[in-house]
Each structure stands twice: as structure tokens, then as C-alpha cells.
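Beneath this line is the structure, given in C-alpha cells, with notes to follow.
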Amino acid sequence: MSSNTDTTHTSLYKELYTEAEAAHILGVSRSYLRHARMDGHRGNGIPAPNFTRIGSRTIRYKKEAIDQFLEQLADFKHRNIALINE
């Protein structure tokens, strides 16, 4: 392989996370992510993080999808705290 290909592969890997890595970053279980993929959301009404399917079985989460999910979760918690304090 050329060094250019190696660099591209390395930087791409840093942008894609396995289900286990994404669950750890998000502070949820792998089961939560599996159910969220099937349902499109979970009971809290926050849309599930977007994922990429590679082949028929491999699931990866992009860094931007993880970041977006965390922002939505923070907004959800902020709204609920505001409602409680009213």
C-alpha cells in the first residue's frame, strides 16, 4: 500500500466507531443502540444516532452522528429541567 492510502485509512478509522465504542462514548448499552436502530428512537423521544452499515452485518457510527446525538440528549435534558423548574 502507498503511504497516501494508509493515511486515508487511518483518518477514516478515527471517524468510524464500532457499536461497543459508540455505546461507551454515549454512555448507553449496546442493546440500547441495537433497539434504537430497529425503532428509530427510544422511549425518550430522541432520534437514534445515525449509523452506517458495511456489508450485511457490520455497523459503524460516524463521529458526527455521535456528536449530534450527544447534543440532542443535552437539549432534551435541558428542556426537561426547565419544565421541572417551572
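The values are calculated or read from the model by the stated rules, or taken from the named source; none is laboratory data. Since the model is a prediction, treat every value here as computed from it, not as a measurement. Every residue, glycine as well, gets a Cβ built from its backbone with ideal geometry; the counts of neighbours run over all protein chains shown.
Before we move on, is residue 54 surrounded by 13 or more Cβ atoms within 10 Å (Cβ to Cβ), at pLDDT 90 or above, closer than 17 Å to residue 14 by Cα and β-branched (Val, Ile, Thr)? Lay out the reasoning, then the answer.
Numbers: surrounded by 13 or more Cβ atoms within 10 Å (Cβ to Cβ): no; at pLDDT 90 or above: yes; closer than 17 Å to residue 14 by Cα: yes; β-branched (Val, Ile, Thr): yes.
For residue 54, the condition - surrounded by 13 or more Cβ atoms within 10 Å (Cβ to Cβ), at pLDDT 90 or above, closer than 17 Å to residue 14 by Cα and β-branched (Val, Ile, Thr) - is not met.
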Given the condition at pLDDT below 90 and part of a loop (DSSP other than H, G, I, E, B), answer yes or no: does some residue in region 67-84 qualify?
no
